[in-house]
1. Near the amide H of PHE90, under 5 Å away, which other amide H atoms are found, from residues 5 or more places off or on another chain, if H is placed in the peptide plane?
2. Name the longest site-free stretch of the chain, where the excluded sites are GluC sites (Glu not before Pro) in a DSSP loop with no more than 11 other beta-carbon atoms within 10 Å.
3. Relative to the first principal axis of the alpha-carbon coordinates of the chain, what is the inclination of helix 295-306, with its axis defined by its Cα atoms, in degrees from 0 to 90 and to the nearest 10?
4. Once you put a point 7 Å from the Cα of LYS165 and another 7 Å from the Cα of ASP389, both along the Cβ direction, what distance in nm separates them?
5. Efficiency by 1/(1 + (r/R0)^6): what FRET value for ILE355 and ASN187, r their Cβ-Cβ distance, R0 = 25 Å, to the nearest 0.05?
6. Using θ = phi - 60° and the Karplus curve 6.51 cos²θ - 1.76 cosθ + 1.60, what whole-Hz ³J(HN,Hα) does each residue of region 22-27 get, with Gly and Pro shown as x?
7. How far apart, in nm, are the 7 Å Cα→Cβ label points at GLU209 and GLU133?
8. Report the Cα centroid-to-centroid distance between region 84-118 and region 15-64 in angstrom, as an integer.
Amino acid sequence: MKKSIREIDLNNKKVIIRVDFNVPIKDGIILDDNRIIASLKTINYAIKNGAKVILMSHLGRIKEEKDKDKNTLKPVSIRLSVLLGKPVLFINKTRGEELENAINNLKSGEVLLMENTRFEDLEGKKESLNDSELGRYWASLGDIFINDAFGTSHRSHASNVGISKFLPSGMGFLIEEELSNFDVLENPKRPYTVILGGAKVKDKIGVIENLAKKCDYLLIGGGMAYTFLSSLGYNVGASLLDKNSIEFCKNMLEQYKDKIVLPVDSTTSKVLDGDIELKNNDEFKDDDIGLDIGSNTIDKFKEILKKSETIVWNGPLGYFELEKYSDGTKQILDTLSKEKKIVIIGGGDTASAAINFGYKDKFTHISTGGGASLELLEGKTLPGIDVIDDK
Ligand code: AMP
């Protein structure tokens with residue numbers, strides 16, 4: 001078990017908290033502040049417990065000097081200050097005297113946010129390649145390191161893995177909550193059903209291999225279903241097809257034929273913005289594109305979900321960004337929201353769909369990390385968490 005922030009004395013200590021403030025910003029306006037809100041519990045706890053709070057986060061990608069302007073954390077500091085109801089001192093540096101002095105002048109309960117850690121990527125990708133000098137330098141700025149950036153914990157960067165090697169460390173509430181929710185899947189109440197969707201089989205091979213053996217049902221929808229259908233000999237027309245994964249799909253279907261449930265029909269179109277037509281698997285013409293699971297598939301999935309007790313879902317069941325292909329994803333969200341089941345929604349697109357379609361508080365857990373939750377489902381340990389001190 002990893003140490004939690006609750007088990008560390010923060011009083012009067014310089015506490016560096018790695019948060020995930022990687023929010024969408026356009027022309028200086030924050031379009032979605034969910035990630036900032038998600039970090040408040042840990043920050044408020046640190047303030048209340050007398051810490052001198054030093055926040056660090058990445059934002060976007062920094063490849064050239066001009067990327068800095070649109071990826072400064074300054075707007076985040078303003079929003080954070082409103083959400084916390086207290087001043088946040090923003091230092092537009094990632095190192096140097098100004099930053100060091102500001103940190104050394106912090107009083108207990110005060111909050112400082114330093115500039116985007118990826119500004120250090122301009123010369124030699126120091127942050128993203130976990131440059132050990134950089135990790136050591138950032139560690140020298142504080143007494144304690146708390147990692148609460150679940151969304152980046154599958155990456156090995158200087159601001160999570162590098163820094164924690166040189167300081168006593170613990171996890172924040174967000175990471176703790178994410179881990180305890182995914183932990184439920186280690187010993188799930190059965191029947192245990194996995195729903196997988198999204199674009200490519202290739203990206204989900206690890207998850208399929210790991211979960212197929214653990215679950216009772218594996219429902220497959222979205223673009224990736226067509227590679228499975230193709231491996232059974234169906235003509236999938238112009239639907240998404242991952243040719244290199246056909247053999248893998250065939251093997252999985254043979255190995256887990258009683259668990260894997262594929263779509264029986266699809267909402268199709270000839271072009272993305274064209275007329276839609278419901279087609280069974282054997283009715284596809286060469287120019288048909290399957291863009292959502294069809295109504296019979298939705299019914300079939302619902303029937304299994306109603307008798308399931310634990311459900312984990314990663315990947316939308318159709319091209320949900322367009323209303324006319326969002327029905328499968330919406331109807332399954334709706335069904336799950338009405339059942340008293342343990343429902344874990346993976347991060348990324350599935351989480352955005354759940355939140356945007358109005359189901360934010362309807363499930364056991366909606367993960368805040370796309371890549372990180374996918375790697376947990378693959379059964380991997382996340383380097384940003386692995387490196388945190390054990391209890
Ligand atoms: P992923 O990141 O692999 O979970 O993929 C998510 C993306 O898959 C979303 O942008 C969806 O629009 C897309 N997607 C889901 N189903 C389909 C489909 N049938 N055809 C094309 N794209 C799809």
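The values are calculated or read from the model by the stated rules, or taken from the named source; none is laboratory data. A quick note: this is a predicted structure, and the numbers were derived from the prediction, not measured. Every residue, glycine among them, receives a Cβ derived from its backbone with ideal geometry; neighbour counts consider all protein chains shown. Please note that ligands, DNA and RNA were not included when accessible areas were found on the heavy atoms of the full protein model with its side chains. Shrake-Rupley method; radii C 1.70, N 1.55, O 1.52, S 1.80 Å.
1. Amide H neighbours of PHE90: LEU113.
2. Working: sites that count: GLU64, GLU65, GLU123.
In the chain, the maximal stretch lacking such sites is 124-391.
3. Approximately 60 degrees, to the nearest 10.
4. Taking the simple label geometry, LYS165 and ASP389 are separated by 1.8 nm.
5. Working: r = 28 Å, r/R0 = 1.12.
Step by step, r from the Cβ atoms, then E = 0.35.
6. Ordered by residue, 3J(HN,Hα) equals 7, 9, x, 10, 10, 6 Hz.
7. 3.8
8. Region 84-118 and region 15-64 have Cα centres separated by 12 Å.
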